[in-house]
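S.K.: A single structure is presented below for examination.
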Amino acid sequence: MRQKTHKTQTRIKRRRVTFILRQPDAGEVRLLGDFNQWDPKKHPMRREKDGAWKKVVMIPPGRYEYRFQVDGRWISDPENSEVVRNCFGTFNNVITVTPR
């Protein structure tokens, strides 16, 4: 007689994370990081009425490095002092997403 085994599928709960950058004179802002493989096409940000740029992303728990691209220039997040040196000699911001 064969016993049935049940595979339990562990579903990773993603968390909603809101990124905001205040650059009212920018023409285009993109969010890049480990969570989107640094792909500039994945997370373009949207300008809000107050001139701030905003993007809400769903990210699994973990530690991630990120930066903004403003009109093609790399910009660090001025609201996040947690940084790590990157391989280009500049700094990436770090965000830690905790499980619920």
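What follows is calculated from the coordinates using simple rules that are stated; it is not laboratory data. From a predicted model like this one, the values you see are computed outputs, not experimental measurements. All Cβ positions, even for glycine, are placed from backbone atoms using ideal geometry, and neighbour counts span all protein chains on display.
S.K.: Output ³J(HN,Hα) for the range 37-49: one whole-Hz value per residue in order, computed from phi by the Karplus curve 6.51 cos²θ - 1.76 cosθ + 1.60 with θ = phi - 60°, and x for Gly and Pro.
M.R.: So the J values, rounded to whole Hz, are 6, 6, 8, x, 8, 6, 9, x, 9, 10, 6, 8, 4.
S.K.: Let me ask something additional. Any lysines with Cα under 21 Å of the LYS13 Cα? List them, leaving off those in the same chain fewer than 8 positions away.
M.R.: Cross-link targets: LYS42, LYS55.
S.K.: Fewest first, what order do SER76, SER81 take by the number of other Cβ atoms within 10 Å?
M.R.: So the residues, fewest neighbours to most, are SER81, SER76.
S.K.: Pick from ILE12, ILE75, ILE20 the residue whose mean-square fluctuation is largest in a GNM of the chain, springs joining Cα atoms under 10 Å.
M.R.: Most flexible of the set in this elastic network: ILE12.
S.K.: Please express the shape of the range 15-97 as an equivalent ellipsoid: the semi-axes are the square roots of 5 times the eigenvalues of the C-alpha gyration tensor, given largest first in whole angstrom.
M.R.: The answer is 19, 15, 12 Å, longest axis first.
S.K.: Where Lys and Arg each count +1 and Asp and Glu each count -1, what net charge lies around SER81 among other residues with Cβ under 15 Å from its Cβ?
M.R.: Value of the local net charge: -2.
S.K.: What order do you get for VAL56, VAL29 when you list them from fewest to most C-beta neighbours inside 10 Å?
M.R.: Ranking VAL56, VAL29 by Cβ neighbours within 10 Å, fewest first, gives VAL56, VAL29.
S.K.: Looking at the range 25-95, which chymotrypsin sites (Phe, Trp or Tyr not before Pro) are in a loop (DSSP not H, G, I, E or B) and have at most 15 other Cβ atoms within 10 Å?
M.R.: TRP38, PHE88
S.K.: Provide the per-residue ³J(HN,Hα) series for the range 27-33, in order, calculated from phi with Karplus coefficients 6.51, -1.76, 1.60 and θ = phi - 60°, each as a whole number of Hz, with x at glycine and proline positions.
M.R.: Result, ordered by residue: x, 7, 9, 10, 9, 10, x Hz.
S.K.: Still on this model: GLY27: net charge of surrounding residues, Cβ under 10 Å, Lys/Arg +1, Asp/Glu -1, itself excluded?
M.R.: Result for the neighbourhood of GLY27: -2.
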